[in-house]
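Encoded as structure tokens, the structure appears first; notes follow it.
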Amino acid sequence: MAKEKTVRYVFWQEGDWWLGYLEEFPDYWTQAESLDELKKNLLDLYKDLNSGEIPHIRRVAELRVA
């Protein structure tokens, strides 16, 4: 059984629309008419971006320095 993972996202509302992106992938935004729909869109986006099907994806990561 696969271990469940938590992914951080950023979201906000503009007028009637909810917008957001995954913190690891700030270049890839999505939108929806409700917060629940936005969460579903973000989950789909996460799956797409981690599928290996899309080339040249830019990510944000952390680097430990001494």
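Readers should treat all values here as calculations from the given coordinates under stated rules, not as data from a laboratory. Since we're looking at a predicted model, the values are computed, not measured. Don't worry about glycine lacking a Cβ; one is built from the backbone with ideal geometry, like all the others, and counts go over all protein chains shown.
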Quick one: which of Lys5, Lys40 is surrounded by fewer than 12 Cβ atoms within 10 Å (Cβ to Cβ) and outside any strand (DSSP E or B)?
-> Lys5
Contacts under 9 angstrom Cβ, first residue in segment 35-63 being among the basic types (Lys, Arg), partner assigned to a helix (DSSP H, G or I), 6 or more apart | Arg59/Leu49
Provide a single number: the residues in segment 38-66 that are more than 13 Å from the chain's Cα centre (by Cα) and under 16 Å from Trp18 (Cα atoms).
-> 0
Mind listing just one residue for me: the one in segment 21-37 that is acidic (Asp, Glu) and loosely packed, with under 14 Cβ neighbours inside 10 Å and, of those, nearest to Phe11 (Cα to Cα)?
-> Glu23
Within segment 22-36, how many residues turn out to be under 14 Å from Ile57 (Cα atoms), part of a strand (DSSP E or B) and either among the hydroxyl-bearing types (Ser, Thr, Tyr) or in contact with a helix residue (DSSP H, G or I) (Cβ under 7 Å, 6 or more places away or on another chain) (or both)?
-> 1
